[in-house]
Amino acid sequence: MTAKRTALVLAVVFVVYAVLLGWRGVLLIGTGDPVAVGLGIAVLVIPVLGAYLVWREFRFGRSTEVLARELEAAGGLPVDDLPRRPSGRIDRAAADAAFEKYRAEAEAAPDDWRVWFRLSTAYDAAGDRRRARATMRTAIAQHDRG
């Protein structure tokens with residue numbers, strides 16, 4: 001199953017969960033008991049927060065796709081030629097070496113979203129997902145500004 005389909009299936013499952021949970025919150029509020037009403041309101045907050053997080057992730061994914069397509073059309077996508085271990089994972093030493101190249105590019109042109117996109121892929125290849133996502137958010141923000 002592709003990543004898009006998986007995300008869509010998970011979003012549908014979340015919607016079903018949110019509706020069921022929201023309905024329970026409404027039932028609790030309908031009892032009139034102050035404790036149940038408070039709990040019902042708290043239960044209603046969970047689907048709203050979850051919906052925001054799901055929306056944010058979909059927006060992040062869509063923005064990343066837009067940048068990748070634009071960079072690919074310009075011939076600027078990094079080539080995935082790093083050596084891999086038998087498990088299929090990228091060799092850590094090779095990823096670290098490639099990372100240094102992309103980090104230097106980002107330092108040289110900090111206002112160019114393209115270098116931040118490539119740096120994000122280098123973080124991802126090096127196994128640092130948290131920094132990869134943060135760096136991709138920087139690339140998205142710079143792309144949207146410029």
(message) Against the definition (at pLDDT below 95 and open to solvent by 60 Å² or more (accessible area, probe 1.4 Å)), how does Pro83 come out, yes or no?
(response) yes
(request) Return only the number of the condition from (1) at pLDDT 90 or above; (2) within 19 Å of Arg137 (Cβ to Cβ); (3) of a type outside the set (A, V, I, L, M, F, W, C) that Pro78 does not satisfy. (result) (1)
(message) Take Ala125 and tell me if it is buried (at least 17 other Cβ atoms within 10 Å of the Cβ) and touching a strand residue (DSSP E or B) at 6+ places or on another chain (Cβ under 7 Å).
(response) yes
(message) List pairs: first residue in region 45-74 and closer than 15 Å to Ala141 by Cβ and in contact (Cβ under 8 Å) with a residue 60 or more places away in the chain, second residue of a type in the set (Val, Ile, Thr) and surrounded by 11 or more Cβ atoms within 10 Å (Cβ to Cβ) anywhere in the structure, Cβ distance under 8 angstrom, at least six positions apart or on different chains.
(response) Phe60/Ile140; Ser63/Ile140; Thr64/Ile140; Leu67/Ile140
(request) Output the number of residues of region 109-120 satisfying the condition of being open to solvent by less than 50 Å² (accessible area, probe 1.4 Å) and out of contact with any Ser or Thr (no Cβ under 9 Å at 6 or more places or on another chain). (result) 4
(request) Filter region 18-72 for residues that are at positive phi and either at pLDDT 95 or above or under 21 Å from the mean Cα position of the chain (by Cα) (or both) and give the result. (result) none
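The values are calculated or read from the model by the stated rules, or taken from the named source; none is laboratory data. Predicted model, so just to flag it, every value in this text is computed and none were measured. Cβ coordinates were reconstructed from backbone atoms using ideal geometry, including for glycine residues, and neighbour counts include every protein chain displayed. Each accessible area value is taken on the protein alone, full model and side chains, heavy atoms only, with ligands, DNA and RNA left out. Shrake-Rupley method; radii C 1.70, N 1.55, O 1.52, S 1.80 Å.
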